[in-house]
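**Student:** Have a look at this one before I ask anything.
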Amino acid sequence: MSNELITIEAKLRDSFGKIYSKKLRKEGLIPANLLEKGKATSLMLDPKWLGVAYKQSKSFNMSLNGEVKAVKIHEVQVHPTKRNPLHVDLMYV
């Protein structure tokens, strides 16, 4: 297994709430929060690449607005019966 981290492109979310999150999941995206020093940035991610990162090392490079930074998966909320990821919290490494 290589030590190179995969790069996942993230996009900023401009809407919030349960209904918007359900729409995101229907479109095939996962809502996420990037946690940093007292604030959270709302994002959306591709679940396919997130699953690969979770299985490898729970760390990956995230591309956001042209900047690439290393992040780690802090917490994943999963559906109780389907076991699909519902929401992800990320932190800078």
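**Student:** Less than 19 Å apart at the alpha-carbon level, and either on another chain or at least 8 residues along: which lysines does that give for Lys18?
**Tutor:** Answer for Lys18, where 19 Å is the Cα cut-off: Lys26, Lys82, listed by chain and number.
**Student:** Then there's this: Compare the Cα positions of Ser42, Val76, Gly17 along the charge dipole of the chain (+1 at Cβ of Lys, Arg; -1 at Cβ of Asp, Glu; about the Cα centre) and return the one farthest towards the positive end.
**Tutor:** Gly17
**Student:** Additional query: Quote the Stokes-Einstein diffusion coefficient, in whole µm² s⁻¹, for the chain, based on the Kirkwood radius over alpha carbon pairs, a temperature of 10 °C and a viscosity of 1.306 mPa s.
**Tutor:** Rounded, D is 118 µm²/s.
**Student:** With springs only between Cα atoms under 10 Å, which of Ile73, Ile30, Ile19 fluctuates most in a Gaussian network model of the chain?
**Tutor:** Ile19
Quick note: the coordinates plus some simple rules give every number you see, no bench work behind them. Please read all numbers here as calculations on a predicted model, not as lab measurements. Positions of Cβ are backbone-derived with ideal geometry, glycine not excepted, and every protein chain shown enters the neighbour counts.
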